[in-house]
Amino acid sequence: MPGQLEIYIRLGLFGGVLLVMATWEFLGPRRKLSAAKGPRWASNLTLVALNTIVSRVIMPITAVAAAIYCESHSWGLLHLVNWPVWLEVMMGVVVLDFAIYLQHVLFHAVPVLWRLHLVHHADLDIDVTTGLRFHTFEILLSALLKLAVVVILGPSALTVVIFEVLLNATSMFNHSNVVLPSWLDRILRCFVVTPDMHRVHHSVIRRETNSNYGFNLPWWDFLLGTYRDQPIEGHEGMTIGLSHLREEQQVDRLPGMLKLPFDRSSGTDPENRYSDGK
Ligand SMILES: [Zn+2]
Ligand SMILES: [Zn+2]
């Protein structure tokens, strides 16, 4: 059954990438973690499970099901052209990735959206589980946006599955606390967001937080002027998280994480949310 096969492929790749990156982090960590790893991991991974269940229950249709519906009704821009399958898949993945980049910029710029997205940024450390840690409401909004893009663009179901699996895997990869030789980072960074590149985005320094928005392809940051090469204080010296939210119970335990968007101390203005003013 294609539906079940899709779930097995997703779960298998999710578990595989998580295991590989977690082992890599254990063998060669880039930074010393500052918060207790056990409770952090338990909270981040429970949030993933909660998000998966809530999305399945609340969302009326998945992006893949929407793509199948659009295919059968010839909806979407890609149905106006007659390109080879590989080109349509590539175009679909690139456009979906650009939409996710724009969504990420929007979640930093609009105060009410920032309140949801700060749950991702409030993590006191950055490792493979940070790449999966998003507030449930952000996941639902993101799913709605993806549905809209699928309906407008009309990519095949295969394209949507490839994109979602790729985004999930690259998000785990680029949040990982791993060491890559700098020459390899340089080469990889031309095609995919690397851990060193995305770590800059998790700095407490505002101009660094508001850079490197890409999750998968790095090109949008290069092209749109939001790219920052390295953190000013270096990867070992930089502080991860948000400067005004440093309490483990509040930012790295599930109940606190879920309440964070509604907490007065979280702040609403993405431009003035740091006391250091940098
Ligand atoms: Zn962000
Ligand atoms: Zn991130």
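The values are calculated or read from the model by the stated rules, or taken from the named source; none is laboratory data. All of these numbers come straight from a predicted model, not from anything done at the bench. Neighbour counts are summed over all protein chains in view; Cβ atoms, including those assigned to glycine, are modelled from backbone coordinates with ideal geometry. Protein only, heavy atoms only, side chains kept; ligands, DNA and RNA dropped before computing areas. Shrake-Rupley method; radii C 1.70, N 1.55, O 1.52, S 1.80 Å.
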Do we have any residue at all in segment 135-145 that's hydrophobic (A, V, I, L, M, F, W, C) and open to solvent by less than 10 Å² (accessible area, probe 1.4 Å)? no
Could you figure out which of (1) under 30 Å from Trp86 (Cβ atoms); (2) more than 15 Å from ligand 1 (Cβ to nearest atom); (3) touching a Lys or Arg at 6+ places or on another chain (Cβ under 9 Å) isn't true of His244? (1)
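Would segment 187-203 turn up any residue that is aromatic (Phe, Trp, Tyr), more than 14 Å from ligand 2 (Cβ to nearest atom) and under 26 Å from Gly237 (Cβ atoms)?
no
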Tell me, yes or no, whether segment 90-101 has at least one residue that is among the acidic types (Asp, Glu) and open to solvent by less than 20 Å² (accessible area, probe 1.4 Å). yes
Criterion first (within 30 Å of Gly234 (Cβ to Cβ) and of a type in the set (A, V, I, L, M, F, W, C)) does Val20 satisfy it? yes
Contacts under 6 angstrom Cβ, first residue in segment 238-249 being free of Cβ contacts under 8 Å to residues at least 12 places away in the same chain, partner surrounded by 15 or more Cβ atoms within 10 Å (Cβ to Cβ) and of a type outside the set (Lys, Arg), 6 or more apart: Gln249/Gly256
Among residues of segment 1-40 being more than 30 Å from Thr62 (Cα to Cα) and part of a helix (DSSP H, G or I), the residue most open to solvent (accessible area, probe 1.4 Å) is Phe26
I'd like the full set of residues that are open to solvent by 50 Å² or more (accessible area, probe 1.4 Å) and within 16 Å of Glu164 (Cβ to Cβ), limited to segment 41-88. Thr52, Arg56, Ile61, Thr62, Ile68
